[in-house]
Structure formats: structure tokens, C-alpha cells
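Asker: Would you mind keeping the following structure in view while I ask a few things?
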Amino acid sequence: MAKPHADRIYLDHAATTPLSESVREAMLPWLSGGFGNPSSLHADGRRAKDAIDSARETLSRALGSLFAEALFTSGGTEAANLAILGTALQNRESSRRRILLGAAEHHCVLNTAPTLSALGFQVDLIPVDRQARVDSQWLKENLDDQVLLVSVMHANNEFGTLNDIRLFADLAHSEGALLHTDAVQTFLAPGLKWKVQDLDADLVTVSAHKINGPKGTGAIYMRAGVKVKPLIAGGGQEREVRGGTENVMGIVGFGAAVAEHLTETTPDANPRDHLRERALSVGALLSVDSDTPMLRGHLHVRFPGIDAETLLIVLDRLGVSASSGAACSSGSIEPSHVMLAAGYSQDEAKQGVRFSLGRKATVAEAEDAADRLAEALTQIGTAKRKSR
Ligand SMILES: Cc1ncc(COP(=O)(O)O)c(C=O)c1O
């Protein structure tokens, strides 16, 4: 394993966040003494079941849902699959044959499309604007009583821009369709306070590791009365929607992370803005206008003529962890599907870099990162001149 740089700056919180100390402490007993199976009727089993119930109670309080409306999964990916494929399977015989997905959704949503098609549904992608926000006008014009489900993410994980989910839910409901939102990036995000009632979505999916909880744990909110077919057949756990012995330790950790974030306050000053100003001064082009509502820690930029891959490698060497939406496959970098959907060219879509600051970020950290960014650009510029 690579040795961590002593003074590394981690600016990839949209990818994942560090486990918080209180979460670790809450989880530890479940690695040792608390090994009972929550389905067992004896005291050891009941203890584990109580721990899950307590986490569910905290989660449902944070979501504003009923206790029974919040179900645990193995993460945001499984939760979104359950929301979309579970709805499709449940309604296989329905006369509603269309499912609409935002064109810049996370792959856990977009990659359900082949299975949906195999199930006989027509999948249409809802276009997004230049800032990766889903086009509500398109939806208005293309919704009809054939639509079973609309899936629109609450915030885009690359650009950080927010969609008005209430508007999309109202539109979907006006034609009798269901609305799913992938809220992995916005659940308990700094400065954002929402409950499921505000979104009015029928299915909302979240993940623990974006809020300093453990990886491999997530949840789905299913509005009472909404039915999905389980994707994992098993012993009737999670109200018969998701079989398998529960990940007690992970669920306890998720509950602890939620509890910690529920009491958190967000300062007015945002260190991200310092990084944005400094990035602009060294030639960055912003993907999101500064007055567009977006996630507080996100900054998505590109530097014309510089591939994200090159910049990220140099930044990494200088101790900065950032990322791009451009996936690396068989040794070459693929353009970001979000940037392509937002109308960028193939070349531009290889240039997008995302810095995502944590909730405890400081101005000093942002300034330090900006210094290293400037240094990275200088090094790349020098290397380019030498190679000419
Ligand atoms: C918007 C969004 N949806 C879903 C996921 C997947 O969540 P998980 O990693 O818990 O499967 C992520 C994680 O990167 C995400 O950013």
C-alpha cells in the first residue's frame, strides 16, 4: 500500500469520506461481543436487532420518514438498483412501459438501462443543461401516462449542481409516475437541510460512506404503499425487501454517522470559495457558475489543453488527492459521461477535475491546495515546453 504523504490534502470527499472517530467507536463492539444474528430470538440476537432498530430510528429521523419506510442496503448502488429495477420488476405487467433517467446520473442508475430494456421497458435519457442540471422542460414535454418511473439525482456527483426534486416529483406525479432520487451526495451534506416531505419523492437512496460512515452500507426510503420486488431473495430481512443477514456493524456505523451529522452546524464562510478564486486566477474554467445552487464542498473546473489525468497525477505527487469523472479503462482515460451529457466535446470531457472539500475544511487548507495547484500547472507547463 502506498505510504500516505505526511501533509497530504484530501480533496475527494465526494468519492468517499474518512470514518469519523465516534463512528469507529460505535462500530467496534460489533466486531467482537455483539455477534448475534438479528433474526435470532435469544438475547444475543435481540441485542443486534435492537442496535439495528436504533440506527433505523436515527436514520428515519434524519430522513423525516416513518421508521418502517427506511431500509438498509449494501450501499447507494444497491439502493438505486433496488429503487429502479425493483420498481420495474414489480410492475412488469403494467401498461406503463417507459422509464426516464437523467442523462448525467451516477452509473448505479444509468447502468440499470440494459436490464430495464431486457425487461421490455423503453428507457429514455432526460437531457441536462451545461451545468449538468436535468431539463424539467423536456420532462414536461415528454411525460405521458406510459411512464412508470422517473429517476433524477438530487445533486450531481461531478459538478455538484442541485436539481429541484420537488418540481420533478410534481411533474412525475401529475402523470401518475413514481419519482426516484439518488440523494447520495446531498444526504446530510453541509448547509443542506431536507426531509423526504420536501422532496416528495417516492424512493430516495443514500449511502453511509459519504457522511463519514462505513463503506458498504446504504439505505432506501420507500414511501409507505410503494412496492418494489426484492433483488436479493432471502430470509425476509428488511421487511422482505432485502434478504440476507444484516451488516450489523455497518448499520450501527451508519446510524452513528447520521447522529453525528444531525447536530452539526455549518459556518458561513466557505473555504471552497478561496480555492475557486485561486483556481480562476491560474486559468481554470468553472463548470458551474458561482451563483448556481450547488454542493458546498464541490469545485469542478477544467484547464484547457490539460488532461485531467496529467493534472491529477502531478497533484497526487504534490500531495493533493482530487479526482475526475473521467474513468480510466484499459490504460487510457475515457471522457466524463457527465461532461459529455452537459454538451462538452470529447477533449473537454477529459479535462474536468473535481475538488471536493470536507465538512471540516479550513481556509488554510484551501490556500495550501491552491498553492500546490499553481505549482502543478507550472510543472506541466515546463514539461510541455521542454517536449516541444
Ligand atoms: C451520486 C452517487 N450515487 C450513488 C453512489 C454509489 O454509492 P455507493 O458507493 O454507496 O454504492 C455514489 C458514490 O460515488 C454517488 O456519488
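The values are calculated or read from the model by the stated rules, or taken from the named source; none is laboratory data. Note that the coordinates shown come from a computational prediction; the quantities given were computed from them, not determined experimentally. Cβ placement follows ideal geometry from the backbone for every residue including glycine, while neighbour counts extend to all protein chains displayed.
Asker: Restricting to segment 8-27, count the residues that are of a type outside the set (D, E, K, R), loosely packed, with under 14 Cβ neighbours inside 10 Å and farther than 18 Å from L188 by Cα.
Answerer: 0
Asker: How about segment 151-178: which of its residues are of a type outside the set (S, T, N, Q), within 16 Å of the ligand (Cβ to nearest atom) and outside any loop (DSSP other than H, G, I, E, B)?
Answerer: A155, L162, I165, F168
Asker: Looking at M294, M222, which is the one that is of a type outside the set (K, R), in contact (Cβ under 8 Å) with a residue 24 or more places away in the chain and in contact with a Gly (Cβ under 7 Å, 6 or more places away or on another chain)?
Answerer: M294
Asker: Which one of the conditions (1) away from the ligand (no atom under 16 Å from the Cβ); (2) outside any helix (DSSP H, G or I); (3) closer than 21 Å to A169 by Cβ does L101 fail to meet, given that it meets all the rest?
Answerer: (1)
Asker: Taking segment 285-299 as the search range and keeping residues that are modelled with pLDDT of 95 or more and out of contact with any strand residue (DSSP E or B) (no Cβ under 7 Å at 6 or more places or on another chain), which one is nearest to A349 (Cα to Cα)?
Answerer: Residue satisfying both the conditions and the ranking: D289.
Asker: Still on this structure: Within 21 Å of the chain's Cα centre (by Cα), crowded, with 23+ Cβ neighbours inside 10 Å and under 28 Å from A259 (Cβ atoms), is that true of L101?
Answerer: No; evaluated as a whole, the condition is false for this residue.
Asker: For segment 130-177, which residues satisfy the criterion of being free of Cβ contacts under 8 Å to residues at least 12 places away in the same chain and surrounded by 15 or more Cβ atoms within 10 Å (Cβ to Cβ)? I'd like the intermediate steps shown before the answer.
Answerer: Within segment 130-177, the first condition is being free of Cβ contacts under 8 Å to residues at least 12 places away in the same chain, and the residues that meet it are 135, 137, 141.
The one that is free of Cβ contacts under 8 Å to residues at least 12 places away in the same chain and surrounded by 15 or more Cβ atoms within 10 Å (Cβ to Cβ): D135.
Asker: Only residues that are crowded, with 17+ Cβ neighbours inside 10 Å, within 15 Å of the ligand (Cβ to nearest atom) and not in a loop (DSSP other than H, G, I, E, B): list them for segment 104-117, please.
Answerer: C108, V109, L110
Asker: Restricting to segment 46-84, give me the number of residues that are away from the ligand (no atom under 16 Å from the Cβ) and of a type in the set (V, I, T).
Answerer: Looking only at that region, the number is 2.
Asker: Ok, one more. What pairs can you find where one residue is in segment 58-75 and under 16 Å from R239 (Cβ atoms), the other is assigned to a helix (DSSP H, G or I) and within 14 Å of the ligand (Cβ to nearest atom), and their Cβ atoms are less than 7 Å apart, with a gap of 6+ or different chains?
Answerer: L59/F254; F72/I251; T73/A79; T73/L82
Asker: Shifting gears a bit: Return yes when R354 is within 18 Å of A155 (Cβ to Cβ), of a type outside the set (A, V, I, L, M, F, W, C) and part of a helix (DSSP H, G or I) and no when it is not.
Answerer: No: the conditions fail for R354.
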